[in-house]
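*Asks:* Attaching a single structure in structure tokens format; questions to follow.
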Amino acid sequence: METPRQRQHRQTMADVLRIAHGQLVTEGSAGLSLRAIARELGLVSSAIYRYVPSRDELLTLLIEESYTAFGDAVEAAEARCRREDLGRRWLTLGRAVRRWAVANPAEWALLYGSPVPGYHAPPERTTAAGSRVPFLVLQLLADADLEPAPDDPPMTAALHRELDRLRPGLPGDLKPEVLARGLLAFSSLCGLVSLELFGQFTNTVTQFSAHLDHQVTRLGTTLGLPEPT
């Protein structure tokens, strides 16, 4: 059973993260301040370090929490599709990525925006959570049982070896050429969303939802997926 001390610690940690997410919105990741969080909680500045020992640890906690929320949202949306409707699964996945990003622009910027100067996310804590959505894309390609195509661009031997080394930890038996298509699809999807959120479509695209649907469907064709039914 949770003790009162443990309950208080858990509640304070939840409050720390809630306030930190608010700072992301107003100040950006580079403006995170443990001292400001302590003031808002009514703590002396030194007391906050009993909960979060450093700004880097706070950033890591925010990244873990954001990746988890992102993965939960996209996985839940994609899971509602019929497994055999591969085109619909891909379109739904793309829509879910954009929907989460639009609802959480500060967190999207933390995950996919400019790196925070001086901070390096610990891979043992962030890689698995950050791989959930890309793995959904690769699982989709595995379910489609795609093979290298004659029109796949040439790949250097070094790149082929590098991608081939990743295969044991990936869904299905994706060949390097198919894996490259998956990386293109996910990076293109993130680029579309980031260009919208960061205001880079000014005076060009305003119908963002329709634009994403169009481009994601086009990417699906590049991947070798059928159109959504």
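*Asks:* Each residue of the stretch 45-60 in order: what ³J(HN,Hα) in whole Hz does its phi give by Karplus 6.51 cos²θ - 1.76 cosθ + 1.60, θ = phi - 60°, with x for Gly and Pro?
*Replies:* Along the stretch 45-60, the couplings run 4, 6, 5, 4, 6, 6, 9, 9, x, 7, 5, 5, 5, 5, 4, 5 Hz.
*Asks:* Dipole of the stretch 18-149, Cα-centred, from +1 at each Lys and Arg C-beta and -1 at each Asp and Glu C-beta, to the nearest 20 debye?
*Replies:* That gives the stretch 18-149 a dipole magnitude of about 420 debye.
*Asks:* While we're looking at this one, here's another question. Can you list, largest first and rounded to whole Å, the semi-axes you get for the stretch 17-57 by taking the square root of 5 times each eigenvalue of its Cα gyration tensor?
*Replies:* They are 16, 11, 8 Å, listed from largest to smallest.
*Asks:* Measure off, as a whole percent, the carbon and sulfur share of the 1.4 Å-probe accessible area of the chain, all protein chains present.
*Replies:* In the chain, the share of accessible area belonging to carbon and sulfur is 55 percent.
*Asks:* Same structure, new question: Over the Cα atoms, compute the radius of gyration (one decimal) and Dmax (the largest Cα-Cα distance, rounded to a whole number) for the stretch 19-132, in Å.
*Replies:* Answer for the stretch 19-132, Rg first and Dmax second: 16.6, 57 Å.
*Asks:* On to the next question. Do you know the relative contact order of the stretch 63-204, to the nearest whole percent, from alpha carbon pairs under 8 angstrom that are 6+ apart? Intermediate results must be reported in sequence, preceding the final value.
*Replies:* Numbers: 105 pairs, mean separation 38.5, N = 142.
Answer for the stretch 63-204 is 27 percent.
*Asks:* How much length is gained if the chain between residue 79 and residue 120 is pulled fully straight, taking 0.36 nm per residue apart and subtracting their Cα-Cα distance, in nm to one decimal?
*Replies:* 11.5 nm
*Asks:* Let me ask something else about it. What number comes out for accessible area per residue over the stretch 170-229 if the probe is 1.4 Å? Units Å², please.
*Replies:* Details: 3050 Å² over 60 residues.
Roughly 51 Å² per residue, with all protein chains present.
*Asks:* Using the alpha-carbon centroid of each, what span in Å lies between the stretch 62-118 and the stretch 166-201?
*Replies:* 13
*Asks:* Still on this structure, please answer the following. For the stretch 88-177, what does the alpha-carbon gyration tensor say about shape, rounded, prolate or oblate, given a ≥ b ≥ c as the root eigenvalues, a/c under 1.5 as rounded, and a/b over b/c as prolate?
*Replies:* It is oblate, given that a/c is not under 1.5 and a/b is not larger than b/c.
*Asks:* Can you tell which of 16, 68, 197 lies farthest toward the positive end of the dipole of the chain, using +1 and -1 charges on the Cβ of basic and acidic side chains (Lys, Arg; Asp, Glu)?
*Replies:* 16
*Asks:* Want the number for residue 13 to residue 157: 0.36 nm per residue separation, take away the alpha-carbon distance, what's left?
*Replies:* Extending this stretch completely gives an extra 47.0 nm.
*Asks:* Tell me the per residue accessible area of the stretch 1-96 using a 1.4 Å probe; a whole number in Å² is fine.
*Replies:* Working: 5150 Å² over 96 residues.
Accessible area per residue: 54 Å².
*Asks:* Is the stretch 127-187 best put as rounded, prolate or oblate by its Cα gyration tensor, with a ≥ b ≥ c the root eigenvalues, rounded for a/c under 1.5, and otherwise prolate when a/b is larger than b/c, oblate when not?
*Replies:* prolate
*Asks:* Next up: Rounded, prolate or oblate, given the Cα gyration tensor of the chain, with a/c below 1.5 counting as rounded? Mind dumping the intermediate values first?
*Replies:* Working: a/c = 2.16, a/b = 1.86, b/c = 1.16.
Prolate.
*Asks:* Put +1 on the Cβ of every Lys and Arg and -1 on every Asp and Glu Cβ in the chain; which of 217, 119, 37 then has its Cα farthest towards the positive end of the dipole?
*Replies:* 37
The values are calculated or read from the model by the stated rules, or taken from the named source; none is laboratory data. As the structure is a prediction and not an experimental result, all values here were calculated from the model. A quick note on method: Cβ atoms are made from the backbone with ideal geometry, for glycine too, and the neighbour counts reach across all protein chains shown. Just the protein is used for accessible areas: all its heavy atoms, side chains included, with ligands, DNA and RNA removed. Shrake-Rupley method; radii C 1.70, N 1.55, O 1.52, S 1.80 Å.
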